[in-house]
Each structure stands twice: as C-alpha cells, then as structure tokens.
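Working notes, beginning with the structure itself.
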Amino acid sequence: MLLQSYANRARSNVLHSINAYYWGNTGIFVDGISIPDSTSLAQSQIARIKPGDRLPEGTNPVIVLKNDKPYLASSCVGSVLHQATMSNLVNVLDFGMDLKRSIDTPNFLGQFFGLSNDGRSSAPQPHMELLAEGEFDENLVKSVVAKGQAIKLLPKRQTQTRRKLGWWVAIQIDAKTGKRVGVAPHGLNGSVAAY
C-alpha cells in the first residue's frame, strides 16, 4: 500500500500528458492556447475498457526505494519511452550518473519504422533498432549485431527529431542530506520542482 501511494504521487506530480502528438492533430489554437485531441494516441486502449474505468498508465512511473525510503521517482512519455526509461535507470542506478548527465547521454531510438524525409521514403524495418551514427562506440554496435540484434544506423541529422522521443523526467532524493534534484529534458516546456 505504501509503494502504491508513492507511485500515485509520482505519477501525478512527475509527469502530465494529454496522450496526443505535441499540440494534437487539430491545429486549432484559441488565443494562443492549443485545442488538442486529447487521448488520440490511446483510442485502442479506451475501446477495451468500460465507461468510468481508468485509462491504463503507459508512462512507466517508477519509484526506486533505497533502505525502504524513496530515492528516485521518474516517468516518461514518447514513442521510445520504454527504451528511455531503462537507459536512464541503468545510467543512474548501475553507472552512478547524475540525472543531468543521464538525460544528456544517447539512448536507443526504438524500432525503425521507416523515414519520409525530403520526399524520399524507406520501408519500415521494425526488427531493427534505430541508432544515430557515432553516438555509440562502433565496437559495441558490432558486438550487439553479432549477438543477433539488427541495427539501423542513420546519420545524426536524420535522427535529431527522433533522438529524444522518450522524454524522461526524474526527481532524486539524497538519503543523507534530503536534498532533492530533478531533471526535465531539453526542448520541452518542462521544469523541475521538488519539495
């Protein structure tokens, strides 16, 4: 019950989403305020639940406990939210990175669903993991491919708009001092507030 209480607080305070593309597909703005198509990305989930039921949580809310006390709370949105969540948790928990360094570190970009740039299209290859050239050591990439994971390398300029399609937000509590440190990704209208 205590863990669920922490999870509910993290979900409501760490991340807010309208479950739509950026400003929605409507393109309607009234006095500078977007009129989004909220939950447009969740229509298949909505069809499976009964009226009045809660929409399943898809933003990977995470609470990490250290010595039975909250140590890290995080959440993520975007099409590669699972990859971004796991990459950042490994960075912080296994490699000891601070939150800022972690979100600035490249991560996997998800399945390759093709491109449509400059009028050129390429066929989707969802069995391939998408990476930006030069973001990971070449020997590491070769080792991953040798173990059976197909990888699609794209020039960095083609992946810049996709690079952070998993936007991870987190708050960490120092167990000794109680100091709270948070992080929100670049390019989003987000800020950090911890108390």
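For first residues located in segment 85-109 and closer than 21 Å to S191 by Cβ, partners that are among the hydroxyl-bearing types (S, T, Y) and part of a helix (DSSP H, G or I) and lie 6+ apart or on another chain with Cβ distances below 7 Å form the pairs N88/S102; V92/S102.
Does L72 satisfy the condition of being under 30 Å from V181 (Cα atoms) and either of a type in the set (D, E) or buried (at least 16 other Cβ atoms within 10 Å of the Cβ) (or both)? Criteria met by L72.
Yes or no, residue by residue, for (1) of a type in the set (K, R); (2) more than 18 Å from I171 (Cβ to Cβ); (3) modelled with pLDDT of 85 or more:
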position	(1), (2), (3)
N60	no, no, no
N91	no, no, yes
G96	no, no, yes
F108	no, yes, no
D118	no, yes, no
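Taken over segment 123-138, the residue count meeting the criterion of being outside any strand (DSSP E or B) and exposed (fewer than 15 other Cβ atoms within 10 Å of the Cβ) is 6.
Residues that are of a type outside the set (A, V, I, L, M, F, W, C), over 19 Å from the mean Cα position of the chain (by Cα), closer than 27 Å to K156 by Cα and surrounded by 13 or more Cβ atoms within 10 Å (Cβ to Cβ) do occur in segment 101-122, at least one of them. Of the residues in segment 64-95, how many are in a helix (DSSP H, G or I) and charged (D, E, K, R)? The number of residues fulfilling the criteria is 1.
The values are calculated or read from the model by the stated rules, or taken from the named source; none is laboratory data. What you see is a predicted model; the values in this text were computed from it and never measured. Counting neighbours? That spans all protein chains shown, and the Cβs are built from the backbone with ideal geometry, glycine included.
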